[in-house]
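Inspection log for the structure reproduced underneath, given as structure tokens.
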Amino acid sequence: MRSHDLIPRIPTVLFFDHTAKLGGAEIALFHLLQYLDKQKFNPVAVLGEPGALADKLSESGIETHIIAIDATVNQARKDALGARSLLKFGAVGKTLKYCMRLSRFINSRRVDLIHTNSLKADIIGGVCSRLTGVPVVWHVHDRIDADYLPKTVARLFRLLCRIMPDFVVANSIATLKSISLPDSSPCAVVYEGVLARDAAQENNHDGGLVGLVGRLSRWKGQHVFLEAAAQVRQQFPNTKFQIIGSAMFGEESYEQEIRALSRSLALDDCVEFTGFRNDVPRLVDKLDILVHASTTGEPFGQVITEGMLAAKPVIATRGGGVPEIVQHGSTGLLVPMGDADAMAEAICALLSNPKLAKAMGKAGRDRALEHFIVEKTVPRLEAIFQRVLLGNADDGASRDAIEQETLSH
Ligand code: GLC
């Protein structure tokens, strides 16, 4: 027997995402791949376009390939997907062709498992899994609900979730519930993990600095944040506000709108639009309060965990997976979605009680270190990969047990 026959082959896992723009799901994929145990899995990333994620992955030593998806397919927005638009662009034919191409790659690289990271990637990866016989794990980062996706897309996706993937991973209980899988479907909730780091130094801003982090998009609620800021300013004239992030998926008109809103609320001297930044953690470190303002249920809310890790008290909207992260009254304050008055009240409550704010920040950091760092989350995903690789996807993974485990956080 030759010596290399004795060494078991490390399974190759294909990580596939249709985009290389750094949305939340792509940041999560980056974190996952940094921590993934390379002794157990050989990761190969394939992205449907060049971009920031591809660069970051390559720089960090992950084998990364771009297999370009036709731009009309890739840029169709998930909230505008409809049967008519698919037919108009001949998207079905183009997508099938792409699936064949990716399947050839999967076969030639002897991929053992496919991990898909976005809705479009799920469908393409699902077809490739059928064509190649390689199992597929769908990692769902979006709530599959009519307030978030067109109704027909949500319905179709729920149906496909039952028949295409070998396993469904959801980024929160809220996301998993939105898929409404039958009890027998192999699935689990795995929260996103960020890369652990030291807590931020304390700040001494005169009046406080309150920030909202995320791409500029109506449902991320920057307009609500500005309306709240205008109210806070009445009571705390020295407080400053930061909107950190840029428009990403063709939402530049919303950016114009909120810049105009800031002007009309006479906030220009206290609100800063930072634009896209590569050093978000450094900016978060400088905040006194981190605000999250989504107006529809956020599937998970990674920026919230970044804020908690930096020991910041968090004010967040009560929707989607957010209440699974923020403990109201202990690590931050939850407010109703789309309610600028309640948001302003919560900001004022923390600005007027720095001791409480500090205690919440500390409790948030403890909670983040316990549940929302890669050391805690990635091993759960690795265990799922192992199970699927062994053909045991539906073994011992009673949904109740997984939900119990998650809820007990
Ligand atoms: C998506 C979701 C966001 C989540 C992220 C990571 O971007 O919209 O809520 O935090 O994925 O799972």
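Among the residues of the stretch 272-305, those identified as of a type in the set (K, R) and either touching a residue at least 60 places away in the same chain (Cβ under 8 Å) or not in a loop (DSSP other than H, G, I, E, B) (or both) are R282, K286.
For the condition open to solvent by 30 Å² or more (accessible area, probe 1.4 Å), out of contact with any Asp or Glu (no Cβ under 7 Å at 6 or more places or on another chain), within 16 Å of the ligand (Cβ to nearest atom) and not hydrophobic (A, V, I, L, M, F, W, C), what is the one hit in R282, R263, R318?
Numbers: R282 fails: within 16 Å of the ligand (Cβ to nearest atom); R263 fails: within 16 Å of the ligand (Cβ to nearest atom).
Only one candidate passes the filter, namely R318.
Restricting to the stretch 123-155, name every residue that is within 22 Å of the chain's Cα centre (by Cα), in a helix (DSSP H, G or I) and more than 15 Å from M100 (Cα to Cα). Explain how you work it out, then say what you get.
Quick first cut of the stretch 123-155, residues within 22 Å of the chain's Cα centre (by Cα) only: 123-126, 136-151, 153-155.
If we keep only those that are in a helix (DSSP H, G or I) too, we end up with 123-126, 151, 153-155.
Listed by number, the residues that qualify are K151, V153, A154, R155.
The condition of being open to solvent by 30 Å² or more (accessible area, probe 1.4 Å), at pLDDT below 95 and within 15 Å of the ligand (Cβ to nearest atom) holds for only one of D70, D5, D79, that being D79.
Looking only at residues of the stretch 141-167 that are in contact (Cβ under 8 Å) with a residue 40 or more places away in the chain and among the β-branched types (V, I, T), we find that the one that is surrounded by the fewest Cβ atoms within 10 Å (Cβ to Cβ) is T152.
Checking G307, G301, G321, G329 one by one, the residue that is more than 18 Å from G193 (Cβ to Cβ) and outside the structural domain of L32 (by TED's automatic domain parsing) is G329 and no other. Tell me whether the stretch 128-139 contains one or more residues that are within 14 Å of the ligand (Cβ to nearest atom), closer than 22 Å to V13 by Cα, in contact with a helix residue (DSSP H, G or I) (Cβ under 9 Å, 6 or more places away or on another chain) and at pLDDT 95 or above. Within the stretch 128-139, one or more residues are within 14 Å of the ligand (Cβ to nearest atom), closer than 22 Å to V13 by Cα, in contact with a helix residue (DSSP H, G or I) (Cβ under 9 Å, 6 or more places away or on another chain) and at pLDDT 95 or above. Scanning the stretch 232-260 for residues that are assigned to a helix (DSSP H, G or I) and among the hydrophobic types (A, V, I, L, M, F, W, C), we see that the one that is surrounded by the fewest Cβ atoms within 10 Å (Cβ to Cβ) is A260.
Please determine whether any residue of the stretch 168-176 is in the same structural domain as D394 (by TED's automatic domain parsing) and open to solvent by 40 Å² or more (accessible area, probe 1.4 Å). Scanning the stretch 168-176 turns up no residue that is in the same structural domain as D394 (by TED's automatic domain parsing) and open to solvent by 40 Å² or more (accessible area, probe 1.4 Å). The lone criterion from (1) open to solvent by 60 Å² or more (accessible area, probe 1.4 Å); (2) over 21 Å from the mean Cα position of the chain (by Cα); (3) in contact (Cβ under 8 Å) with a residue 40 or more places away in the chain left unmet by R218 is number (2).
The values are calculated or read from the model by the stated rules, or taken from the named source; none is laboratory data. For clarity, every value in this text was computed on a predicted model and none was experimentally measured. For neighbour counting, all protein chains shown are included, and Cβ atoms are generated from backbone atoms with ideal geometry for every residue, glycine included. Surface accessibility is based on the protein's heavy atoms, side chains included, excluding ligands, DNA and RNA. Shrake-Rupley method; radii C 1.70, N 1.55, O 1.52, S 1.80 Å.
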